[in-house]
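Following: one structure in structure tokens, then a few remarks.
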Amino acid sequence: MRVLRPRSLSSLLVAGLLLLTVPLAVAMVQAALQLGRLAQDTTRLVRQGVELAGQTQALSRHLAAYERSTNLYLLLEDPRVLEASRSIRQQIATTTEQLARLPLDREGLAHLEQLRSAVSDSLRSLETGEPADPGRAAMLADRLAAIDEAAREVADHANTLLEVRLQNLEERSAETRRNLLLWLAALVPVALVLGLIFTLGVMRPLRRVDRAITELGRGTFSRPIAISGPSDIEAVGKQLEWLRVRLLELAQEKNRFLRHMSHELKTPLANIREGTDLLLDGAVGAIEPEQREVTDIMRTNALRLQQLIENLLSYSAWQSSVAGLEVGAFPLEAELAASFRAQKLALASRGIRTKAEVEHIMVAADRAKIRLVLDNLLSNAVKFTPEGGTITVRARRLGAEVVIELADTGPGIPPEDRDRIFEAFYTGRMPQTGHLKGSGIGLSIVAEFVTAHGGRVELVEGEFRGAHFRVTIPIQAGEQVREAIRAYA
């Protein structure tokens, strides 16, 4: 949906940051609110506990003073002592009223009411009783005992109430911790999912850009480049598509130029070859040995130049159409033998030995193109192998594939050239031993034809002193060829 697509990569980054920070911000706000409420309740409970403890202690002091005043009045019958008892009773009433204003439950309020009633009853007994009454002291003692019992019940109930509320606060604290952990447990997967969505939203178009650039770097210009995503990424995709079209046009122009130039060169080259053949055959008269040597050099280089032109034509034809594979069954060792026979004179003239370890293998592939692969690899080995050197060829079956290896005892491939030896027209930095420098397309054709068969070619290091190439192709190349053609198309 276009409306949901970010307008730019920067807006996508901002949206991703918001998606990641919003859940964390919600969790932080929720934690702050719960911790704030918990802190308020803790402060309130501490304040109430301090006030309750203070009022309880004050009540205990007043009750102790009231008991002393009552006992003193029983001994002295002094009205001033009775007045002091009334004053203490008023203090007790004030303290109990303050306790009643605290958040006590019904049971606590009932204990306070019992305490006030017991104090009032004892004071009335003092005020109305006769001094000579023998049961008066016993009755007041009972009243004071009731006051002590009521005071203990008030204090015990207050302590119990504080403990219950403290336990409730601890339970709420534990519940708050559990809730925070649950929030985190719920938000972490959400953040991960949002982060994954954000990463995919950013990386998917970037991977497409990277894949498009890689294909352009490999010379694959036939597949259109269409990249969807933020507007700036789409703009990059359009620029890459423009570059692809331009490179395709340049490649087509190059191929046309190669075809035209190759055809133009073939006619005068054929005349040169015919002339040298006539001279060597003595058709125009006998020639001196020195003249024959020069003529032979001319003929040899004409043949090599013809091979280069044939390579150019083959490369141009391959670049124009990769679907022209004619797959058929043939014995691989026959093509290897034919390639070595074609190089027999060059091998003999330079004293190059050959070592072959070839199994009997029937392959289904394009015979002409496999032959050209073998010719180019062997020609490359002959070119760089010094006189008296050795060229080793191996061919074996490995599962559903055939592995062909060709190695020489030449100087090898310099490290700075190894990444580019399969590029078209790259001739490297190593000086060649022949009279004519190569065109730099032999190994490129090898790589193109092997890839078209669904195989691969690689440079192997370590076993031989010189260059060591390994070609791996499927024995039954039908489906692999079709996949390779679809990849190029």
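The values are calculated or read from the model by the stated rules, or taken from the named source; none is laboratory data. For clarity, every value in this text was computed on a predicted model and none was experimentally measured. Please note: Cβ atoms are built from the backbone with ideal geometry, for glycine as well, and neighbour counts cover all protein chains shown.
Numbers for the structure displayed
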quantity	calculated
Tally of residues being surrounded by 13 or more Cβ atoms within 10 Å (Cβ to Cβ) and β-branched (Val, Ile, Thr) across region 295-307	2
Tally of residues being more than 24 Å from ALA447 (Cα to Cα) and touching a residue at least 24 places away in the same chain (Cβ under 8 Å) across region 211-233	6
Matching residues, region 220-238, being small (Gly, Ala, Ser) and part of a helix (DSSP H, G or I)	SER231, ALA235, GLY237
One residue from GLU310, GLU333 being modelled with pLDDT of 90 or more and surrounded by fewer than 19 Cβ atoms within 10 Å (Cβ to Cβ)	GLU333
Residue within region 351-365 that is among the charged types (D, E, K, R) and surrounded by 14 or more Cβ atoms within 10 Å (Cβ to Cβ) present	no
Every residue from region 264-290 that is surrounded by fewer than 12 Cβ atoms within 10 Å (Cβ to Cβ) and farther than 18 Å from LEU303 by Cβ	GLU264, GLY282, ALA283, VAL284, GLY285, ALA286, GLU288, PRO289, GLU290
Of all residues in region 461-486 being over 23 Å from GLU387 (Cβ atoms) and among the hydrophobic types (A, V, I, L, M, F, W, C), the one that is modelled with the highest pLDDT	VAL471
Check on GLU458, surrounded by fewer than 20 Cβ atoms within 10 Å (Cβ to Cβ), modelled with pLDDT of 85 or more and under 38 Å from the mean Cα position of the chain (by Cα)	yes
Criterion violated by PHE221 - all others in (1) under 25 Å from the mean Cα position of the chain (by Cα); (2) surrounded by 14 or more Cβ atoms within 10 Å (Cβ to Cβ) satisfied	(1)
Residue in region 405-455 that is modelled with the lowest pLDDT, counting only those that are within 37 Å of the chain's Cα centre (by Cα) and of a type in the set (S, T, N, Q)	SER444
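Listed here are the residues, each with its yes/no results for (1) surrounded by fewer than 16 Cβ atoms within 10 Å (Cβ to Cβ); (2) more than 43 Å from the chain's Cα centre (by Cα); (3) not assigned by TED's automatic domain parsing to the domain that holds PRO331; (4) not in a strand (DSSP E or B).
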| residue | (1), (2), (3), (4) |
| --- | --- |
| ARG371 | no, yes, no, yes |
| GLU387 | yes, yes, no, yes |
| VAL393 | no, yes, no, no |
| ARG396 | yes, no, no, no |
| VAL402 | no, no, no, no |
